[in-house]
1. Answer yes or no as to whether Ala66 is at pLDDT 95 or above and closer than 20 Å to Val176 by Cα.
2. Please work out which residue is surrounded by the fewest Cβ atoms within 10 Å (Cβ to Cβ), limiting yourself to the range 7-26 and to residues that are in a loop (DSSP other than H, G, I, E, B) and of a type in the set (Gly, Ala, Ser).
3. Whether any residue in the range 187-210 is assigned to a loop (DSSP other than H, G, I, E, B) and of a type in the set (Asp, Glu) is what I want to check.
4. List the pairs whose first member sits in the range 52-72 and is without any contact (Cβ under 8 Å) to a residue 40 or more places away in the chain, whose second member is part of a loop (DSSP other than H, G, I, E, B), and whose Cβ atoms are under 8 Å apart, counting only residues at least 6 apart or on separate chains?
5. Residue pairs, Cβ under 6 Å, 6 or more apart or interchain, first in the range 174-188 and at pLDDT 50 or above, second among the polar types (S, T, N, Q) and not in a strand (DSSP E or B). List them.
6. For Cys281, work out the one condition from (1) under 17 Å from Lys61 (Cα atoms); (2) in a helix (DSSP H, G or I); (3) open to solvent by 10 Å² or more (accessible area, probe 1.4 Å) it doesn't fulfil.
7. Report, by residue number, each residue of the range 215-249 that is of a type outside the set (A, V, I, L, M), free of Cβ contacts under 8 Å to residues at least 24 places away in the same chain and either surrounded by fewer than 23 Cβ atoms within 10 Å (Cβ to Cβ) or assigned to a helix (DSSP H, G or I) (or both).
8. Of the residues Ser246, Ser232, Ser209, which single one is under 30 Å from Ala30 (Cα atoms) and hydroxyl-bearing (Ser, Thr, Tyr)?
Amino acid sequence: MALDVTSSALALEGLGPTITVGEILVEIMATTIGKGFLEAQPLIGPFPSGAPAIFIDQVAKLGAKAGIIASVGNDDFGQLNVERLRADGADVSAIAVSQEYPTGSAFVRYAADGSRDFVYNIARSAAGKIKLTEAAKALIGRAGHLHVMGSALSIPAVWPIIEYALHTVKQRRGTVSLDPNMRKELAAGEETGRQFAALIAAADLLLPSGEELFVARPAASESEAVGKLLASGVAEIVVKRGQHGSALYTKNGHIERPAFTVEEVDPTGAGDCFGATYLTCRRLGHSAEKALDYANAAGARNVTRLGPMEGTSTFEELDQFIAATKRK
């Protein structure tokens, strides 16, 4: 069924900023191809990173109001991240600076088949010590939309903040989006599973990639999973298919849009940029088709840059990219 949607179930930009909660990291990459970090090798970085941080940076780069609740260390890595977010227009007032713990980190190495090996320091870093501060409450109190990354649920201290934000944002008639961004094993944990189910129940927009759709709703097929989620109250489901484009499902039908043909340099952050762009376009009043095209472009342009946040884009840059790049 064709879908012609201009209006969206998502709260418009005028209600308040899009906010998110979770980890801010630095990413340091191996410059060699191989498995793991069991031998000395040249590295490049640090790059600003962390899925929620990449997401909110992309929202801000598009000129929309955006803020993040997070924690970094009182070190160069923390300053690198905060200054990047501030320079790109994000509200950094709710980023706490820890005097005790270092900024979180992720060391990454790519294998020949394109898979990645990570060595993380999150739980025992400033990223794992996030708190519901007065600055965080103030940011939540003026928010129009809450976006949650499923990966943030791996940090125990995050859930009380998300719960507070869910209640507050919904009370303001704001909306909620969820990028599952989570392995089945994590979602299967009793407490995390309960939290994940609560987020699905509250979500107005769901942004899964591949198998994440079935983490959100177990089913025998994509159409069955989508049908169950729409029946449960999710208004818009956008399935990210990478090099195969994307699709939007609503109760009124669905549309699919093709991907762009690019040379991939670094895939980290592409899904975050996609989700941020789709959400922002919808909050700004763009049609579903235009939002998907911009989102596909944002994800594609991001993978052409080394570093997860180096390819975040302005609307002007996306317009130039769309005009100059072939679709698949």
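1. Details: at pLDDT 95 or above: yes; closer than 20 Å to Val176 by Cα: yes.
Spelling it out, Ala66 is indeed at pLDDT 95 or above and closer than 20 Å to Val176 by Cα.
2. The first filter runs over the range 7-26 and keeps only residues in a loop (DSSP other than H, G, I, E, B), leaving 7-12, 16-17, 22-24.
Retained after the next criterion (residues that are of a type in the set (Gly, Ala, Ser)): 7-9, 11, 16, 22.
Numbers: Ser7: 10, Ser8: 23, Ala9: 14, Ala11: 22, Gly16: 20, Gly22: 31.
My answer is Ser7.
3. So in the range 187-210, the residues assigned to a loop (DSSP other than H, G, I, E, B) come out as 188-189, 203-204, 207-208, 210.
Next cut, of a type in the set (Asp, Glu) only: 204.
Within the range 187-210, one or more residues are assigned to a loop (DSSP other than H, G, I, E, B) and of a type in the set (Asp, Glu).
4. From residues that are without any contact (Cβ under 8 Å) to a residue 40 or more places away in the chain, the pairs are Ala60/Asp88; Ala60/Gly89; Ala60/Ala90.
5. Asn181/Ser151
6. Result: Cys281 fails condition (3) only.
7. Of the range 215-249, the ones of a type outside the set (A, V, I, L, M) are 217-218, 221-224, 227-228, 232-233, 236, 240-246, 249.
Next, only the ones that are free of Cβ contacts under 8 Å to residues at least 24 places away in the same chain stay: 217-218, 221-224, 227-228, 249.
Within the range 215-249, Arg217, Pro218, Ser221, Glu222, Ser223, Glu224, Gly227, Lys228 qualify.
8. On the way: Ser246 fails: under 30 Å from Ala30 (Cα atoms); Ser232 fails: under 30 Å from Ala30 (Cα atoms).
The conditions single out Ser209.
The values are calculated or read from the model by the stated rules, or taken from the named source; none is laboratory data. Because the structure is a prediction, the values reported are computed rather than measured. Methodologically, a virtual Cβ is constructed for each residue, glycine included, from the backbone with ideal geometry; neighbour enumeration extends over all protein chains shown. Quick note on the areas: whole protein, heavy atoms, side chains included, nothing else; ligands and nucleic acids left out. Shrake-Rupley method; radii C 1.70, N 1.55, O 1.52, S 1.80 Å.
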